[in-house]
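The values are calculated or read from the model by the stated rules, or taken from the named source; none is laboratory data. Since we're looking at a predicted model, the values are computed, not measured. Because the Cβ atoms are built from the backbone with ideal geometry, glycine has one as well, and the counts that use them run over all protein chains shown. Areas reflect the complete protein model, heavy atoms only, side chains present, ligands, DNA and RNA absent. Shrake-Rupley method; radii C 1.70, N 1.55, O 1.52, S 1.80 Å.
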Amino acid sequence: MPNSQDMPGGLGGTASSPPALRLDDFMARANAAYYARHDPFKDFTTSPEIAQVFGELLGAWAAVVWRLMGAPARVALVEAGPGRGTLMQDALRCVSRVAPGFAAAAEVHFVETSRRMRAEQASRVSRAVWHDSLESLPNGPCILLANEFLDALPIRQFVRGAGGWAERFVRDGAFVEVASDGPGREAPVGSVVEISDLARTWVGDLARRLVAHGGAALIVDYGTAESSCGDSFQALRGGKPADPLVDPGSADLTAHVDFAAAAGAARAAGAAVFGPVTQGDFLGRLGLWERTSTLAAANPGRAGDLRAAALRLAAPERMGCLFKVLCVSQPGFAPPPGFEA
Ligand code: SAH
C-alpha cells in the first residue's frame, strides 16, 4: 500500500484537511473495516447463498479435478474468502456422498482475514485450517475455489484526459485527480481504466503454487472477459447502491474483475488457463438443471423456489452472463469439467 504521507501533488494532510489516499489504499482500508465489523450478507447475497446446488456442483468439480490430478492421497481443498462457509458446507456434503475417496483425501483450508467471518465459517465447517493469505498454505497439491473474492480486492482508477492521464485519490469523500503515467495501456479520451495490482499479484502467486505443487483453481466472479474501460467501482449498503466514498467501512466496496488480466498473470507464472466461460454455461455443463430437477422431485413443495434459484444463477439476464468462471491449473492439464471445447 502506498504511504499516504508521501502522496504526489501536495496531497499530504494538514491540520484542517486529512491526507488523500490512493483509491486502492482507500478501498483496502474500507473493506478491511467493513468485513471486520459487518455481516456482509445483510448487504448482498451470493451464489452459494442463493442455491445449495452451487456449492454441490463446485464440490463435484473439485472431485473430478482431483482424479485428473492422479487422485493424490492428500490434497488441500482451499477456499479463498469463504463468506458464511456455505459453499464449502454444500461441497463437502456432496462429495462425501458421491466421491468418498476425495472426501477422505481432502484437507480443508480457508483463506480469510476477517475474524468475524472465520467464526461464522467455523459454525458450518468445523474441520478447517484458517490462513490470512496463500503464503501459509501447506506445500503440496491443492484445489482452490474462490467465489466473489477477487471483486473485493482493491483497484486503482486512471482517467484519460485530453492532455494525459490522471490517477484518482480520495479525500473528504470525493475524488482528487493527480497527474500520472497511466495504467500502461491506451484508452480514448474521457475513459476510466481500472487495474487491480493486488488481484494480479494474488493470481500470479496462486499460479506459481499450482505450477510448483500441482492442482487447479476455480475463480468465479462478475467481470469482463477482456480488459475494458469504465468505472465499475461500487458500494452496496443494506442491499442498495450507495456512494462508495462516503462513510468508509459501512458498505461493501467491489469492482468488476478483469479476467484477461487475471489470466495473463496466471500464464506469466507458467500455469495453464481455461476460460473464462460464463457462469450460465459452466453450471449448465456441470448439470445444474438435472440436479435441480432431482432436488425438486425430492422436495415437491419447494420445486418452484429451486427452479427460480437455478434460473437466478444461470439465466443470461440474471447472473448467468455477467458472472464468469476461470480455471488456472498446473501445466499440461486436460480441460476440466465445464471448460471442454
Ligand atoms: N465467497 C463467499 C463470500 C464472498 S464475500 C460467497 O460466495 O458467499 C468476500 C469474502 O472474502 C468475505 O469472507 C471476506 O471476509 C473475505 N475477504 C475480503 N478481503 C479479503 C482478503 N484480502 N483476504 C482474505 N479474505 C478476504
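Quick rundown of the values:
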| read-out | value |
| --- | --- |
| Some residue of segment 97-116 being among the hydroxyl-bearing types (S, T, Y) and within 11 Å of the ligand (Cβ to nearest atom) | yes |
| Subset tally (residues that are within 15 Å of V277 (Cβ to Cβ) and open to solvent by 20 Å² or more (accessible area, probe 1.4 Å)) for segment 306-318 | 1 |
| Set V277, V325: member being in a strand (DSSP E or B), over 29 Å from D39 (Cβ atoms) and open to solvent by less than 60 Å² (accessible area, probe 1.4 Å) | V277 |
| Failed criterion for L92 (all others in (1) more than 8 Å from the ligand (Cβ to nearest atom); (2) in contact with a helix residue (DSSP H, G or I) (Cβ under 6 Å, 6 or more places away or on another chain) hold) | (2) |
| Residue in segment 125-145 that is within 9 Å of the ligand (Cβ to nearest atom) and surrounded by 18 or more Cβ atoms within 10 Å (Cβ to Cβ) present | yes |
| Close pairs (6 angstrom Cβ cut-off, 6 or more residues apart or separate chains): under 21 Å from D258 (Cα atoms) in segment 274-302, aromatic (F, W, Y) anywhere | F274/F339; G275/F339; P276/F259; Q279/F323 |
| Tabulated pairs, segment 89-108, first of a type in the set (K, R), second open to solvent by less than 10 Å² (accessible area, probe 1.4 Å), C-beta under 9 angstrom, 6+ apart or interchain | R93/G55; R93/E56; R93/G59 |
| Residue match in segment 297-305 (condition: among the aliphatic types (A, V, I, L, M) and either touching a Lys or Arg at 6+ places or on another chain (Cβ under 9 Å) or buried (at least 20 other Cβ atoms within 10 Å of the Cβ) (or both)) | no |
| Positions within segment 235-247 being touching a strand residue (DSSP E or B) at 6+ places or on another chain (Cβ under 6 Å) and not in a loop (DSSP other than H, G, I, E, B), in sequence order | A235, L236, A242 |
| Condition check for L206: within 21 Å of G249 (Cα to Cα) and open to solvent by less than 40 Å² (accessible area, probe 1.4 Å) | no |
| Of residues in segment 264-274 being surrounded by fewer than 19 Cβ atoms within 10 Å (Cβ to Cβ) and part of a helix (DSSP H, G or I), the one farthest from the chain's Cα centre (by Cα) | A268 |
| Residues satisfying the stated conditions in segment 110-121, i.e. under 18 Å from H38 (Cβ atoms) and hydrophobic (A, V, I, L, M, F, W, C) | M117, A119 |
| Which numbered condition V257 misses (of (1) out of contact with any Gly (no Cβ under 7 Å at 6 or more places or on another chain); (2) within 23 Å of L87 (Cα to Cα)) | (1) |
| Counted residues, segment 32-84 - those being within 19 Å of A106 (Cα to Cα) and over 19 Å from the mean Cα position of the chain (by Cα) | 14 |
| Verdict on F333 being within 22 Å of T224 (Cβ to Cβ) and touching a Cys at 6+ places or on another chain (Cβ under 9 Å) | no |
